[in-house]
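Enquirer: Sharing a structure with you now.
The values are calculated or read from the model by the stated rules, or taken from the named source; none is laboratory data. Here the structure is a predicted model, which means the values were calculated and not measured. Don't worry about glycine lacking a Cβ; one is built from the backbone with ideal geometry, like all the others, and counts go over all protein chains shown.
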Amino acid sequence: MPYLRDEVMKATTAYEHDLLMWLFQRQSYDYLQKPVFLNYFLMREQFGTNQSEPIATFKYRFKKEIRKIVKKYGRRIDVKKDGIVLHPMPAMVPYKKSGKFRKW
């Protein structure tokens, strides 16, 4: 998934960076055609640093980071009591219109 390096470099923590890169992929129109709900148990499997961490602690930390990303990058995410709803978004970098495959 193409992205703008300067946008990614605005991340202030490794956790924010990981979430942001994951969202660029997961929210793209190529991957997501309609809104999808993801509960906090699934998110803890993906982003939890310690699986023995209480779910309440994870939810607090995760929601705080997601809200920061929504505000800072304008991502379309609804934060709910039991999870988040991701909405499809266009890619940050538009695809080239040429039909030619470019080999590096």
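Enquirer: Output the number of residues of the range 19-37 satisfying the condition of being more than 8 Å from the chain's Cα centre (by Cα) and at pLDDT 90 or above.
Expert: Result for the range 19-37: 5.
Enquirer: Can I ask one more? Please specify each residue of the range 23-48 satisfying the condition of being surrounded by fewer than 13 Cβ atoms within 10 Å (Cβ to Cβ), of a type outside the set (Asp, Glu) and either touching a Cys at 6+ places or on another chain (Cβ under 9 Å) or in a helix (DSSP H, G or I) (or both).
Expert: Listed by number, the residues that qualify are 42, 46.
Enquirer: What number of residues within the range 65-83 satisfy the criterion of being part of a helix (DSSP H, G or I), free of Cβ contacts under 8 Å to residues at least 24 places away in the same chain and surrounded by 12 or more Cβ atoms within 10 Å (Cβ to Cβ)?
Expert: Count: 2.
Enquirer: Let me ask something additional. Would it be correct to say that residue 8 is surrounded by 12 or more Cβ atoms within 10 Å (Cβ to Cβ), of a type outside the set (Gly, Ala, Ser), within 14 Å of the chain's Cα centre (by Cα) and at pLDDT below 85?
Expert: So residue 8 passes the test.
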